[in-house]
Amino acid sequence: QVQLVESGRGLVQPGGSLRLSCAASGSIFIIYGMGWYRQAPGKQRELVAGIDSGGSINYVDSVKGRFTISRDNGKNTVALQMNSLKPDDTGVYYCYVISSATPITPPSDYWGQGTQVTVSS
């Protein structure tokens with residue numbers, strides 16, 4: 001099993017910044033991908049940003065140029081720096097990890113408990 005602990009929830013004004021962090025621990029041999037999804041009220045969960053083991057990154061179009069994802073492979077952490085926040089960025093942000101516990105174990109998805117981000121004046 002893998003446990004994910006998120007931090008960085010908060011209420012910020014439009015135009016403000018917030019940094020989310022997520023630390024993975026437990027039975028980890030390799031982490032293939034890490035990233036963040038979010039779910040706004042009344043909407044489906046969407047991928048915000050993801051980064052794979054090779055460092056390739058993808059962002060949802062609405063956050064490009066404003067959000068930056070990074071990972072520390074040595075610490076099994078992933079962070080999301082969010083700048084120029086907008087009210088539409090409001091939602092619950094979920095960290096995810098795709099990892100294997102051994103060299104021969106198929107990869108599995110793991111999720112954090114979710115952290116609330118509210119952008120409002």
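Give the Rg/Rh ratio for the stretch 7-78, taking Rg as the radius of gyration of the Cα atoms and Rh as the Kirkwood radius, to two decimals. Result for the stretch 7-78 is an Rg/Rh of 0.98.
Think of a 1.4 Å ball rolled over the protein heavy atoms: the chain then has 53 Å² of accessible area per residue. Annotation: extensible slack from SER70 through GLN3 equals 22.2 nm (criterion: 0.36 nm per residue apart, minus Cα-Cα distance). Taking the 1.4 Å solvent-accessible surface of the chain as the whole, the part contributed by carbon and sulfur is 50%. Among the trypsin sites (Lys or Arg not before Pro) found in the stretch 2-108, those both in a DSSP coil and sparsely packed, with 16 or fewer other Cβ atoms within 10 Å of their Cβ, are ARG9, LYS43, ARG45, LYS64, ARG66, LYS75.
Amide H contacts for PHE67 (H built 1.01 Å from N in the peptide plane; partners 5 or more residues away or on another chain; cut-off under 5 Å): ASN83. Per-residue 3J(HN,Hα) values for the stretch 68-78, derived from phi via the Karplus relation 6.51 cos²θ - 1.76 cosθ + 1.60 with θ = phi - 60°, read 9, 9, 8, 9, 10, 5, x, 9, 6, 10, 9 Hz in sequence order (x marks Gly and Pro). Label zone (VAL60, point 7 Å along Cα-to-C-beta; backbone nitrogen cut-off 20 Å) within the stretch 1-19: 6-19.
DSSP beta bridges fully contained in the chain are about 95 percent antiparallel.
The values are calculated or read from the model by the stated rules, or taken from the named source; none is laboratory data. Please read all numbers here as calculations on a predicted model, not as lab measurements. So basically every Cβ, Gly included, is an ideal-geometry build from the backbone, and we count neighbours across all protein chains shown. Calculation scope for accessible area: heavy atoms of the full protein, side chains included, ligands and nucleic acids excluded. Shrake-Rupley method; radii C 1.70, N 1.55, O 1.52, S 1.80 Å.
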